[in-house]
């Protein structure tokens, strides 16, 4: 267990794996992940083009697979470069009409190739 000779309050859980001895460290997710807000296309660009992961894909159960993406969008080369999704990416819903849906996540799995926005 972490050294507590000074009888201070330590940042350790009551229940833990025995191989972890030190205090917990707090880190921001941004130290480990890249955050992007995603693409918000004009309605005129939706319906044709490249696969487009929408809020409805995030709200659906399970992982998001390339073949199951419902939407299409016309995207610029810059948008493709900035917002393409790769296998293993985690998609986070940052807003919603209902409080329960804020913060929902889905992972991108079984990618044949880069899914573009």
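The values are calculated or read from the model by the stated rules, or taken from the named source; none is laboratory data. Here the structure is a predicted model, which is why all the values come from computation and not from measurement. Don't worry about glycine lacking a Cβ; one is built from the backbone with ideal geometry, like all the others, and counts go over all protein chains shown.
Checking every residue in the range 49-61 against the condition of being at positive phi, surrounded by 11 or more Cβ atoms within 10 Å (Cβ to Cβ) and at pLDDT 85 or above gives at least one match. Checked against (1) within 26 Å of residue 43 (Cβ to Cβ); (2) surrounded by 11 or more Cβ atoms within 10 Å (Cβ to Cβ), residue 87 passes all but a single condition, namely (1). Against the test of being in a helix (DSSP H, G or I) and surrounded by 10 or more Cβ atoms within 10 Å (Cβ to Cβ), the options 22, 81 yield a single qualifying residue, 81. Of the residues contained in the range 90-111, one or more are found to be over 22 Å from residue 29 (Cα atoms) and touching a residue at least 40 places away in the same chain (Cβ under 8 Å). Number of residues in the range 42-75 that are free of Cβ contacts under 8 Å to residues at least 40 places away in the same chain and in a loop (DSSP other than H, G, I, E, B): the value is 5.
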